[in-house]
1. Got at least one residue in the stretch 107-115 being more than 20 Å from residue 24 (Cβ to Cβ), part of a loop (DSSP other than H, G, I, E, B) and touching a residue at least 12 places away in the same chain (Cβ under 8 Å)?
2. Can you go through 110, 132, 152 and tell me which one is farther than 26 Å from residue 75 by Cβ, out of contact with any helix residue (DSSP H, G or I) (no Cβ under 8 Å at 6 or more places or on another chain) and at pLDDT 95 or above?
3. Condition first: touching a helix residue (DSSP H, G or I) at 6+ places or on another chain (Cβ under 7 Å), outside any loop (DSSP other than H, G, I, E, B) and surrounded by 14 or more Cβ atoms within 10 Å (Cβ to Cβ). Now tell me which residues in the stretch 43-54 satisfy that.
4. Being on the phi > 0 side of the Ramachandran plot, out of contact with any helix residue (DSSP H, G or I) (no Cβ under 9 Å at 6 or more places or on another chain) and modelled with pLDDT of 95 or more: is that true of residue 143 here?
5. Can you find a residue in the stretch 25-38 that is assigned to a strand (DSSP E or B), at pLDDT 95 or above, surrounded by 12 or more Cβ atoms within 10 Å (Cβ to Cβ) and within 14 Å of the chain's Cα centre (by Cα)?
6. Would you confirm whether any residue within the stretch 64-87 is in a loop (DSSP other than H, G, I, E, B) and touching a residue at least 60 places away in the same chain (Cβ under 8 Å)?
7. Identify, please: which residue in the stretch 90-106 is surrounded by fewer than 21 Cβ atoms within 10 Å (Cβ to Cβ), in contact with a strand residue (DSSP E or B) (Cβ under 6 Å, 6 or more places away or on another chain) and touching a residue at least 40 places away in the same chain (Cβ under 8 Å) and is, among those, nearest to residue 2 (Cα to Cα)?
């Protein structure tokens, strides 16, 4: 399978949105608290890309966009560059082909090139298969996040880059 990955452009925000909505559809109304991805709009994604608040990578099989992942730049407690990766999504018809792992590795390579020392992410604790997916890519469970009424609803994952 010929997969290419690159950063999305603001005019491709609707493509990112479509992939996210289709990939996350099975979790709508089933995961609590509700996933914030469902608050996204094509316009909000375009603003994020344009202002560089978030970067979105797109994976293509041939000319067809099939996956995405979001990156939010930041810094750790020591002032070093740390990126938070989120909203990894692959269209259902393309799952099981390694595209999610390719997106993550592509973003890791970019992070290294940019001098990033650590990647972080948040995974719904109620979806343990996703925690295992990230562990297979070398991420470690660092802790959990809670909020009123939702104890340990997020699993915090991280990976040091060398």
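The values are calculated or read from the model by the stated rules, or taken from the named source; none is laboratory data. These figures come from a predicted structure and were not determined experimentally. So basically every Cβ, Gly included, is an ideal-geometry build from the backbone, and we count neighbours across all protein chains shown.
1. yes
2. None of the others qualify; the one that does is 132.
3. 45, 46, 49
4. yes
5. No: zero hits.
6. No, the conditions are met nowhere in the stretch 64-87.
7. Selected residue: 102.
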